[in-house]
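See below for the structure under consideration.
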Amino acid sequence: MSRMAQVLVLARYEDEAMEPLTRDDETRTWRGRFEQIPDWFVGGWYIEFFRVAQRTGILKDLEALPWKQPECVQVMLHDEDDDCFGLWMFRDGALAEVDIPATQRFHAPAPATQEYPPDPGSLWRTDAGHTWLPEQTPEHLRDPRPAW
């Protein structure tokens with residue numbers, strides 16, 4: 001399924017930690033490699049995806065890197081259906097989405113089968129003048145598989 005997405009990783013002085021993800025690796029569950037953002041003082045990397053199935057597992061691979069300062073790592077994810085980038089940071093050793101004021105991630109109910117990759121939901125601005133917001137799916141009815 002076609003669905004564009006961008007991932008930015010901001011992490012100061014973490015070139016060594018990010019190096020494995022800047023190379024192609026056919027054994028990963030996601031496809032592609034991160035490119036360094038040129039001339040950034042702090043250190044940033046980006047990757048763009050064109051299909052949902054190409055990005056599943058990227059957060060697990062980022063979590064597994066040997067970060068010197070994981071508390072300073074910021075991962076920003078933008079799916080084509082999002083109003084803005086979402087922010088993930090380390091909490092208890094795992095990357096977790098950070099609540100951003102005036103936003104809410106809306107999830108669709110889980111699919112009947114696992115034939116398709118999991119859906120990340122859509123991050124909407126709640127103060128942007130939308131005339132309606134979707135109904136939120138209760139957590140127990142959402143797809144439990146990680147979308148990223």
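The values are calculated or read from the model by the stated rules, or taken from the named source; none is laboratory data. Treat the numbers as computed from the prediction; the structure is a model and nothing was measured. Positions of Cβ are generated from backbone atoms using ideal geometry, with glycine treated the same way; all protein chains shown enter the neighbour counts. When the accessible area is computed, the model is the full protein with side chains, heavy atoms only, and any ligands, DNA or RNA have been set aside. Shrake-Rupley method; radii C 1.70, N 1.55, O 1.52, S 1.80 Å.
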Give me the pairs: first residue in the stretch 34-59 and part of a strand (DSSP E or B), second residue open to solvent by less than 60 Å² (accessible area, probe 1.4 Å) and of a type in the set (Lys, Arg), beta-carbon distance under 6 Å, and six or more apart or on different chains, which are they?
-> 49/55
Residue, most open to solvent (accessible area, probe 1.4 Å), within the stretch 128-148, restricted to residues that are in contact with a Phe, Trp or Tyr (Cβ under 9 Å, 6 or more places away or on another chain) and over 27 Å from residue 64 (Cα atoms) | 135
Examine the stretch 110-121 for a residue that is charged (D, E, K, R), under 22 Å from residue 8 (Cβ atoms) and surrounded by 10 or more Cβ atoms within 10 Å (Cβ to Cβ), and state whether such a residue exists.
-> yes
Condition set surrounded by fewer than 18 Cβ atoms within 10 Å (Cβ to Cβ) and at pLDDT below 95, scope the stretch 1-14, selection nearest to residue 88 (Cα to Cα): answer is 12
Candidates 125, 91 - the one that is basic (Lys, Arg) and surrounded by 14 or more Cβ atoms within 10 Å (Cβ to Cβ) | 125
Taking the condition under 19 Å from residue 7 (Cα atoms), of a type outside the set (Phe, Trp, Tyr) and outside any strand (DSSP E or B), does residue 109 pass?
-> no
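Give the residue that is farthest from the chain's Cα centre (by Cα), with candidates limited to residues of the stretch 52-85 that are among the small types (Gly, Ala, Ser) and open to solvent by less than 70 Å² (accessible area, probe 1.4 Å). Spell out how you get there, then give the answer.
Taking the stretch 52-85 first, the residues among the small types (Gly, Ala, Ser) are 53, 57, 64.
Adding the requirement that they be open to solvent by less than 70 Å² (accessible area, probe 1.4 Å) leaves 53, 57.
On the way: 53: 13, 57: 9 Å.
Here the residue is 53.
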Can you tell which of 106, 34, 49 is modelled with pLDDT of 95 or more, within 16 Å of the chain's Cα centre (by Cα) and open to solvent by less than 80 Å² (accessible area, probe 1.4 Å)?
-> 34
